[in-house]
Amino acid sequence: MTTVGSEKTDGAQRNSARTGRVLRVGPLKPSLMDTLAGDYDALVLPDGDERTGFLALHGESITAAVTSGRTGVDAELIAGLPNLGAIVHFGVGYDATDVDAARERGIGVSNTPDVLTDCVADLAVGLVIDALRQVSFSDRYVREGRWISEGNTPLTRQVTGKRVGIIGLGRIGTAIADRLSGFRCPISYHNRNEIADSPYTYFPTAAALAGGVDILIVAASGGSGTRHLVDREVLDALGPQGYLINVARGSVVDEEALVELLAGGGLAGAGLDVFAHEPSVPAALTTLDNVVLLPHVGSGTVETRAAMEALTLENLDRFLADGSLITPVTR
Ligand code: 8YV
């Protein structure tokens, strides 16, 4: 292993105990990329053909990889980094990383939980209000001059008191439930296991939950265990009066079925911050006024992204100092 340069006065304190090289995998927040380059002398993983030569040259020296929940570190890359000790994620999700392959090698994995909970939950509530009250549609209506030419918009649906079902009552799911309780919404949830002492009603299957609510909110982690957990059967159970909100991962929902049902009146509407093949969004969705589409911005506020950046660097520093992580993923 090599010692990473610590000549810079700027990052000298952070760098003092550091050994091995840091690798950035994929794009990150610009200021985080600058810090990794300036203070950590981090290498950047190239794409495509250049990757093999790069790994032959640098693979052995790399002990820590910094990535996002969207890019991740797959099994092939893990195999190309024989001295990798930590995969540090900017983001709470880490489904793009092969955690099993990391675990087999004893590689630590960290994410940035808690710091983004409030902003993602706020946005979920925003999507609920927008989908039911047609905020985005009405805004377009005014801008397009339709209020003058066509008159008032159609009536919308009340949010207060609607029955809400949450798939994944973890940190973010719970924060959403707490907020919507303030709207006097009865809350139910589906998780792999029932949560002891939860004030909310448990359903053992996603379909049973969907059949008993007006709004189904997806807040579960992504990955193979939850892929298409919200399938056609679940969406059918939600039904023509039901709304789907997704602030988790596109992979949790069968997107093809969702599009078909939304287009054919099988669902009342949807609010989506995440998609199966980001940044691509199914073209059919962009023509539907009962669907709100956002470009994966749940954690995208100045405050939360700064906190995520700080926690990412704290994890990296801790690993480089003593080989441990502050917020390791435990699964
Ligand atoms: C981020 C997210 O947009 O934390 C997550 O899992 O999906 C978002 O907060 C993303 O990780 C940053 O690239």
Problem set entry | Criterion violated by I62 - all others in (1) within 26 Å of the chain's Cα centre (by Cα); (2) farther than 16 Å from V329 by Cβ; (3) β-branched (V, I, T) satisfied | (1)
For this session: Kindly list the number of the only condition in (1) assigned by TED's automatic domain parsing to the domain that holds P154; (2) open to solvent by 10 Å² or more (accessible area, probe 1.4 Å); (3) on the phi < 0 side of the Ramachandran plot; (4) assigned to a loop (DSSP other than H, G, I, E, B) that fails for H228.
Result: (3)
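Give the residue, chosen from E255, E233, that is open to solvent by 50 Å² or more (accessible area, probe 1.4 Å) and either within 26 Å of C119 (Cα to Cα) or more than 16 Å from the ligand (Cβ to nearest atom) (or both). Give the steps one after another, and end with the answer.
Values: E255 fails: open to solvent by 50 Å² or more (accessible area, probe 1.4 Å).
Within the list E255, E233, the selection yields E233.
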For this session: Would you be able to say whether some residue in region 42-58 is open to solvent by 60 Å² or more (accessible area, probe 1.4 Å), modelled with pLDDT of 95 or more, assigned by TED's automatic domain parsing to the domain that holds M308 and within 16 Å of V88 (Cα to Cα)?
Result: yes
Exercise. Mind checking which pairs have a first residue in region 148-174 that is assigned by TED's automatic domain parsing to the domain that holds G93 and a second that is part of a loop (DSSP other than H, G, I, E, B) and open to solvent by 50 Å² or more (accessible area, probe 1.4 Å), Cβ under 6 Å, 6 or more apart or different chains?
Worked result: none
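Here are some residues: V99, V92, V120, V66. Which one is within 16 Å of the ligand (Cβ to nearest atom) and surrounded by fewer than 22 Cβ atoms within 10 Å (Cβ to Cβ)?
Working: V92 fails: surrounded by fewer than 22 Cβ atoms within 10 Å (Cβ to Cβ); V120 fails: surrounded by fewer than 22 Cβ atoms within 10 Å (Cβ to Cβ); V66 fails: surrounded by fewer than 22 Cβ atoms within 10 Å (Cβ to Cβ).
Unique residue meeting the criteria: V99.
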For this session: Would you mind finding the one in R192, R140, R133 that is open to solvent by 60 Å² or more (accessible area, probe 1.4 Å) and under 30 Å from G223 (Cβ atoms)?
Result: R192
Exercise. Mind checking which pairs have a first residue in region 301-322 that is at pLDDT 95 or above and a second that is open to solvent by 60 Å² or more (accessible area, probe 1.4 Å) and among the charged types (D, E, K, R), Cβ under 7 Å, 6 or more apart or different chains?
Worked result: D317/R14
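Quick one: would you say V125 is in the same structural domain as G265 (by TED's automatic domain parsing), of a type outside the set (D, E) and without any contact (Cβ under 8 Å) to a residue 60 or more places away in the chain?
Answer is yes for this residue.
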Seminar exercise, completed: Quick count over region 69-89, residues being within 16 Å of the ligand (Cβ to nearest atom), surrounded by fewer than 23 Cβ atoms within 10 Å (Cβ to Cβ) and not in a loop (DSSP other than H, G, I, E, B), is 0
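Which ones in region 262-279 are out of contact with any strand residue (DSSP E or B) (no Cβ under 9 Å at 6 or more places or on another chain) and either farther than 18 Å from G222 by Cα or assigned to a loop (DSSP other than H, G, I, E, B) (or both)?
Answer for region 262-279, where residues must be out of contact with any strand residue (DSSP E or B) (no Cβ under 9 Å at 6 or more places or on another chain) and either farther than 18 Å from G222 by Cα or assigned to a loop (DSSP other than H, G, I, E, B) (or both): A263, G264, G265, G266, E278, P279.
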Seminar exercise, completed: Of (1) open to solvent by less than 30 Å² (accessible area, probe 1.4 Å); (2) in the same structural domain as A131 (by TED's automatic domain parsing), D289 fails just (1)
Seminar exercise, completed: Per the filter on region 18-50, residues in a loop (DSSP other than H, G, I, E, B) and in contact with a helix residue (DSSP H, G or I) (Cβ under 8 Å, 6 or more places away or on another chain) are R18, T19, G20, P27, L28, K29, A42, L45, P46
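Within region 259-269, is there a residue that is within 16 Å of the ligand (Cβ to nearest atom), open to solvent by less than 40 Å² (accessible area, probe 1.4 Å), in contact with a helix residue (DSSP H, G or I) (Cβ under 8 Å, 6 or more places away or on another chain) and in contact (Cβ under 8 Å) with a residue 60 or more places away in the chain?
Residues of region 259-269 within 16 Å of the ligand (Cβ to nearest atom): none.
No: region 259-269 contains no residue that is within 16 Å of the ligand (Cβ to nearest atom), open to solvent by less than 40 Å² (accessible area, probe 1.4 Å), in contact with a helix residue (DSSP H, G or I) (Cβ under 8 Å, 6 or more places away or on another chain) and in contact (Cβ under 8 Å) with a residue 60 or more places away in the chain.
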Exercise. How about region 295-322: which of its residues are within 11 Å of the ligand (Cβ to nearest atom) and either in a loop (DSSP other than H, G, I, E, B) or of a type in the set (F, W, Y) (or both)?
Worked result: P295, H296, V297, G298, S299, G300, T301
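The values are calculated or read from the model by the stated rules, or taken from the named source; none is laboratory data. All values derive from a computational prediction rather than experimental measurement. Here the Cβ is made from the backbone with ideal geometry for all residues, glycine too, and neighbour counts use every protein chain on show. Areas reflect the complete protein model, heavy atoms only, side chains present, ligands, DNA and RNA absent. Shrake-Rupley method; radii C 1.70, N 1.55, O 1.52, S 1.80 Å.
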